[in-house]
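The following block contains the structure, expressed as structure tokens.
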Amino acid sequence: MKKSITLLAFATLVVSGCASREAGQFDYEESFGTATTENLLVQAAYLRSDRVIQTWQAKFTREVPDTVNFAFNSYRLDAEARDILRRQAAWLRAHRGVRLRVYGHTDLVGSDGYNNRLGLKRARAVVRFLVANGVPRNRLDAVISRGEREPVVDTPDRERRNRRTVTKVAGFLRGFVGDGMDGKRAVNVYRAYVAGTGTIESVTPSK
């Protein structure tokens, strides 16, 4: 928390110090000439709003399925589940700064304790598969069991749609500054801040 506050304070000083110049009067090489400063400024935007994570979650679910389903009382990945997870793994390999979280769910058949354990086994099965398909373990932020507490279909009977895992965007690796971010784009983001028109959307993923 202290580190986040320090980062925001530093970025604010950089912006406020340079924004006081008239348009076209600041020297990018002098005031914003290092990749470290660029990264700090853009990361500050990430720290300010959960909207960035929400935007990346929308991108993820738009481009790949976020849910796999399971047979009754099972955490085995069938062919359909493996195909979906291969697509999730490919997406993660293409977006190397994004961290995900895997949630395991069950239907309402069985005790709370048993379903919590089964949900965890399902989430772990997904994580093992993603790791086996080239996703570093540190990209998978947590494995969480929801058990029977969040059914898609509210029924006490067996229901395949409730027997699932859901993969969600949880955050970003340290140093991540956006999809396809390079020095040129970072300067454009900085220029927008100096002009007073920059928004967090400046560093959100492309549609």
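All of the numbers you see were taken from the coordinates with simple rules; none came from a lab. Everything numeric in this text was worked out from a predicted model, so none of it was measured. All Cβ positions, even for glycine, are placed from backbone atoms using ideal geometry, and neighbour counts span all protein chains on display.
Of Leu118, Leu92, which residue is within 20 Å of Thr55 (Cα to Cα), of a type outside the set (S, T, N, Q) and buried (at least 17 other Cβ atoms within 10 Å of the Cβ)? Give the derivation first.
Working: Leu118 fails: within 20 Å of Thr55 (Cα to Cα).
From the options Leu118, Leu92, the qualifying one is Leu92.
State all residues of the stretch 48-76 that are closer than 19 Å to Trp91 by Cα, out of contact with any Pro (no Cβ under 6 Å at 6 or more places or on another chain) and basic (Lys, Arg); if no residue qualifies, say none.
Residue satisfying the conditions is Arg62 alone.
Can you tell me which residues in the stretch 84-106 are more than 14 Å from Glu63 (Cα to Cα) and free of Cβ contacts under 8 Å to residues at least 40 places away in the same chain? Write out each step before concluding.
In the first step, residues of the stretch 84-106 are kept if they are more than 14 Å from Glu63 (Cα to Cα); the result is 96-106.
Scanning the stretch 84-106 gives no hits.
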